[in-house]
1. Please go through region 147-211 and write out the GluC sites (Glu not before Pro) that DSSP classes as loop and that have at most 13 other C-beta atoms within 10 Å.
2. State to the nearest 20 debye the size of the charge dipole of region 103-195 about its Cα centre, where the only charges are +1 on K and R beta carbons and -1 on D and E beta carbons.
3. Taking R0 as 35 Å, what's the FRET efficiency between residue 66 and residue 104 from their Cβ-Cβ distance, rounded to 0.05?
4. Write down, largest first, the equivalent ellipsoid semi-axes of region 103-195 in whole Å, where each equals the square root of 5 times an eigenvalue of the alpha-carbon gyration tensor.
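Coordinate-derived values only; no laboratory data. What you see is a predicted model; the values in this text were computed from it and never measured. Cβ: placed from backbone, ideal geometry, glycine included. Neighbour counts: every protein chain shown.
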Amino acid sequence: MGSNRSHPPLRGAIAAEPKIETCASHRICYVSVVEGRTRDLKLTEYVLVGPLLATLIASLAVRYRITRAKIQEFLSDWAATELGIGTIDRCIREAGIACVPVVDQLVEELQEAEILHLDELRQQRRRLTPWYVKGRLHRLWVAITTNTAVFHIGSRKKEELAHLVTEAFVGWLVTDGYKAYRHRKKRQRCLAHLIRACDRYLRSSRTKSCQNWTVDSD
């Protein structure tokens, strides 16, 4: 079993692209290489947790945002499976590493879209989970087409855009007014952002009108 020592929750861990090598059993396996970690982890079929259980654990943590301690309790109560927090944490991390080739394929699909919606999100009023990388707060970039959605954790710098949109994309880019998008010739302002901006302006105008009316009444 894995260690029962409690680990801090994973908040946007960034790992290098996994290496692929042949194990001693002549089977292909992924090797997770993370900066600062003293030992590389190998994702093979010879592990304590099978692929279906590992997928369930990763889904509970990422999609449903359940803590590792709660996942441990869930597996014990409903699956009669006792796993340590360390093993659960490894399953979540290594499931992400195994998904890297899928993400690359999805990014390629983004470039073929006729319309691509793109936005970078920050934590606001606790509605979004904050994403930290090496202790620094990052943003959640979201790229969505009719059939594909890709999420990227990074800074708000213009260079982050290259992870989602390349020169191969020739469709329409629908965004807010952030200046990082303005170099794109085929760009359309997002209607939802424009509506919110108008709403803020109207509310601000009403507030000023009320203040002026109060002053005049006095």
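1. Sparse-neighbourhood loop GluC sites (Glu not before Pro): 167.
2. Approximately 820 debye in magnitude.
3. Result of the calculation: an efficiency of 0.80.
4. 21, 16, 13
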